[in-house]
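What follows is a single structure, written as structure tokens, with notes after it.
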Amino acid sequence: MGSRLFINVWAIGRDKDVWTEPEKFMPERFLGPTIDFRGMDFELLPFGAGRRICPGITLAIRMVHVMLASLLNQFRWSLPVEMEHDGIDMEDQFGITLAKVVPLCIIAAPI
Ligand code: HEM
């Protein structure tokens, strides 16, 4: 009673026993298996779980899709030449929210 529990979602997301090559950007890893992101499968908890799960989840899911689709629909995206050559530095710095150490710089050309 009275205990406070902190769940390290960051560590779960980087656990080699749970994810293959956890540090690798590999969105296709979510295509095959039916992992639930609404708090039922504990290896993926972007919105938390249980009674305190994010109440904005339905709005958030729709808005993320609309924003991403709008950006892809309206612009042609490319990387600066040096980043195209060296790859994107994905190192993050710890905080209340994670931020990239090297800010992402990409070129958007209107279609
Ligand atoms: C992609 C977008 C979003 C993500 C990834 C996200 C994620 C989260 C997470 C991880 C929590 C903590 C859950 C927990 O403690 O277990 C949370 C809480 C919360 N979220 Fe979101 N959220 C998003 C968008 C939104 C939106 C659009 C709203 C409101 C319109 C919202 C309102 C809230 C509120 C009020 C809480 C606190 C719930 C509580 O403590 O009882 N969120 N969210």
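State yes or no: is Pro80 at pLDDT below 95 and within 28 Å of Ile107 (Cβ to Cβ)? Yes; evaluated as a whole, the condition is true for this residue.
Picking from residues in the range 1-17 that are of a type outside the set (Gly, Ala, Ser) and in contact with a Leu (Cβ under 9 Å, 6 or more places away or on another chain), the one that is least open to solvent (accessible area, probe 1.4 Å) is Ile12. Among the residues of the range 54-91, those identified as more than 24 Å from Leu31 (Cβ to Cβ) and within 7 Å of the ligand (Cβ to nearest atom) are Pro55, Gly56, Leu59.
Among the residues of the range 25-67, those that are open to solvent by 100 Å² or more (accessible area, probe 1.4 Å) and either in a helix (DSSP H, G or I) or among the polar types (S, T, N, Q) (or both) comprise Glu28, Thr34, Arg51, Arg52, Leu59, Arg62, His65, Met67. When Ile7, Ile12 are screened for being part of a helix (DSSP H, G or I) and within 15 Å of the ligand (Cβ to nearest atom), only Ile12 passes.
Within the range 22-65, the set of residues being aromatic (Phe, Trp, Tyr) and over 16 Å from Ile7 (Cβ atoms) comprises Phe25, Phe30.
The values are calculated or read from the model by the stated rules, or taken from the named source; none is laboratory data. Predicted, not measured: the structure shown is a model, and the values here were computed from it. Positions of Cβ are generated from backbone atoms using ideal geometry, with glycine treated the same way; all protein chains shown enter the neighbour counts. With ligands, DNA and RNA removed, areas are computed over all heavy atoms of the protein, side chains included. Shrake-Rupley method; radii C 1.70, N 1.55, O 1.52, S 1.80 Å.
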